[in-house]
Amino acid sequence: MKLLDVREFDHPLPLEMTVDAFKKLSGSEVLLMIHRREPTPLFEIITKNGGFYRSVHVDENLWHIFITHDSNVNLEQCHV
């Protein structure tokens, strides 16, 4: 699993950084994005580009977003 912590960055950097990291994923790799909010604009980009994601609200200012290209990866089993 690759980790991308974007909590300290302001828009649009988290989106740009995550899209770039998503493009570099290969095979069944999973990207874990850690963010201070749920990045809903990102989800449309991921799905339009053949990707899959799972968003987990951890607490008030913490979200874990699991992203992959592989439809066979069970994102429900991904955790930190």
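Return yes when residue 11 is modelled with pLDDT under 95 and either hydroxyl-bearing (Ser, Thr, Tyr) or closer than 22 Å to residue 59 by Cβ (or both) and no when it is not. Give the steps one after another, and end with the answer.
Numbers: modelled with pLDDT under 95: yes; either hydroxyl-bearing (Ser, Thr, Tyr) or closer than 22 Å to residue 59 by Cβ (or both): yes.
Considered against the rule, which asks whether it is modelled with pLDDT under 95 and either hydroxyl-bearing (Ser, Thr, Tyr) or closer than 22 Å to residue 59 by Cβ (or both), residue 11 comes out as yes.
Give the residues of region 65-80 that are charged (D, E, K, R) and either part of a loop (DSSP other than H, G, I, E, B) or within 18 Å of residue 25 (Cβ to Cβ) (or both), sorted by residue number. Before you say what the answer is, go through the steps one by one.
Of the residues in region 65-80, the ones charged (D, E, K, R) are 70, 76.
The answer is 70, and nothing else.
Summed over region 25-61, residues that are touching a residue at least 40 places away in the same chain (Cβ under 8 Å) and either touching a His at 6+ places or on another chain (Cβ under 7 Å) or of a type in the set (A, V, I, L, M) (or both) total 3.
Against the conditions (1) of a type outside the set (S, T, N, Q); (2) surrounded by 12 or more Cβ atoms within 10 Å (Cβ to Cβ); (3) in a strand (DSSP E or B), residue 19 satisfies every one except (3).
Tell me, please, whether a residue that is hydroxyl-bearing (Ser, Thr, Tyr), surrounded by 11 or more Cβ atoms within 10 Å (Cβ to Cβ) and part of a loop (DSSP other than H, G, I, E, B) can be found in region 49-64.
No, region 49-64 has no match at all.
The values are calculated or read from the model by the stated rules, or taken from the named source; none is laboratory data. Treat the numbers as computed from the prediction; the structure is a model and nothing was measured. So basically every Cβ, Gly included, is an ideal-geometry build from the backbone, and we count neighbours across all protein chains shown.
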